[in-house]
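Throughout, read-outs are computed from the coordinates displayed, never taken from laboratory work. For clarity, every value in this text was computed on a predicted model and none was experimentally measured. No Cβ is skipped: glycine too gets one built from the backbone with ideal geometry, and neighbour counts run over all protein chains shown.
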Amino acid sequence: MRRILIIGSGDVAARALPWLTRRFKVFALVRRTEDAAALRAAGAVPVVADLDDRRSLWKLAGIADAVLHLAPPPAQGEGDPRTKAVLAALGTRGSLPQTLVYISTTGVYGDCGGALVDETRPCRPQSARARRRVAAERLVRGFGRRSGARTGVLRVPGIYAADRLPLERLRRGDPVLAPGDDVHTSHIHADDLARLACAALFRARGGRAWNAADDTRLKMGDYFDLVADAFGLPRPPRLARAEIAGRLPPTVLSFMAESRRVDNRRMKRELRTPLRHPTVADGIRDALARRGVG
């Protein structure tokens with residue numbers, strides 16, 4: 001593995017770049033020309049292309065022998081035409097990638113009633129957003145079967161970091177569910193996810209899935225309370241499910257409709273990448289230290 005293509009040059013990709021660029025030649029897809037300079041400064045070779053314009057993706061063919069696919073599906077529809085277009089472009093020349101890792105979501109499991117969920121649980125997505133992710137996973141696995149490429153899927157819960165905490169929601173006083181209605185939720189620090197994504201490039205095989213979650217066992221409201229207490233903000237009001245419906249956007253409400261605890265034992269056993277932030281409490285302490293608080 002010498003050349004890596006990153007699709008989806010967002011926050012997690014930026015955190016992975018320092019490790020990757022020290023070891024490989026890294027190409028990173030970027031939609032806007034004006035964003036190319038930042039990627040170049042980070043040591044990557046920018047590739048200007050648009051995931052929603054299939055004609056622009058021809059330049060991806062043969063460019064790399066490993067692909068890290070972090071780009072989300074479109075916001076509408078049931079499938080993922082972006083991933084479909086990327087895979088078609090990758091397969092248009094003789095030099096196919098040998099490895100492809102796709103970043104998915106634990107939302108593919110749907111509501112599990114608070115049960116502990118491992119990777120053998122069937123996917124039963126409830127939201128259109130999660131159904132698009134299931135469609136993308138199937139496309140990636142199909143590509144692996146047809147091409148012989150080693151494929152893997154990281155199923156990711158809520159991503160947080162020092163600059164990705166719900167501080168504005170707390171300042172606005174947005175409500176969360178009352179304890180009796182609250183849902184189990186899982187998390188991963190963005191730095192740990194970046195490291196896991198790099199590790200998966202070496203472990204991918206046969207469409208293997210890994211739950212990329214930390215060790216935290218919290219309900220959603222307790223997570224917000226933890227952040228509020230750490231940053232000296234008021235805890236959010238707690239409302240019954242029937243009361244909260246008109247107070248929050250549909251996307252936020254959709255996360256409150258699903259409850260599951262995520263089993264990360266396969267990830268630990270196979271990716272062999274110790275978490276630097278094993279729990280949300282660890283990540284919050286790190287965020288406070290970076291801000292000089294406490």
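Before moving on, here are some points about what is shown:
- Pairing each residue of the range 232-253 that is over 13 Å from D181 (Cα atoms) with any residue that is of a type in the set (V, I, T) and assigned to a helix (DSSP H, G or I), provided the two are 6+ apart or on different chains, yields C-beta distances under 8 Å for L233/V227.
- Enumerated helices (runs of 4 or more DSSP H) restricted to the range 200-284, each holding at least 1 residues that are of a type in the set (V, I, T): 220-230, 241-244, 250-255
- Residues (crowded, with 21+ Cβ neighbours inside 10 Å and not aliphatic (A, V, I, L, M)) located in the range 151-167: T151, G152, R155, P157, Y160
- Among the residues making up the range 137-179, those that are aliphatic (A, V, I, L, M), within 16 Å of V67 (Cβ to Cβ) and not in a helix (DSSP H, G or I) are A149, V153, L154.
- Of all the criteria given as (1) buried (at least 18 other Cβ atoms within 10 Å of the Cβ); (2) in contact with a strand residue (DSSP E or B) (Cβ under 7 Å, 6 or more places away or on another chain); (3) of a type in the set (A, V, I, L, M), the one not satisfied by L170 is (2).
- From the options T92, T99, residue that is surrounded by fewer than 16 Cβ atoms within 10 Å (Cβ to Cβ), under 18 Å from G142 (Cβ atoms) and of a type in the set (S, T, N, Q): T92
- Restricting the range 46-83 to residues that are surrounded by fewer than 21 Cβ atoms within 10 Å (Cβ to Cβ) and acidic (D, E), the residue that is farthest from S95 (Cα to Cα) is E78.
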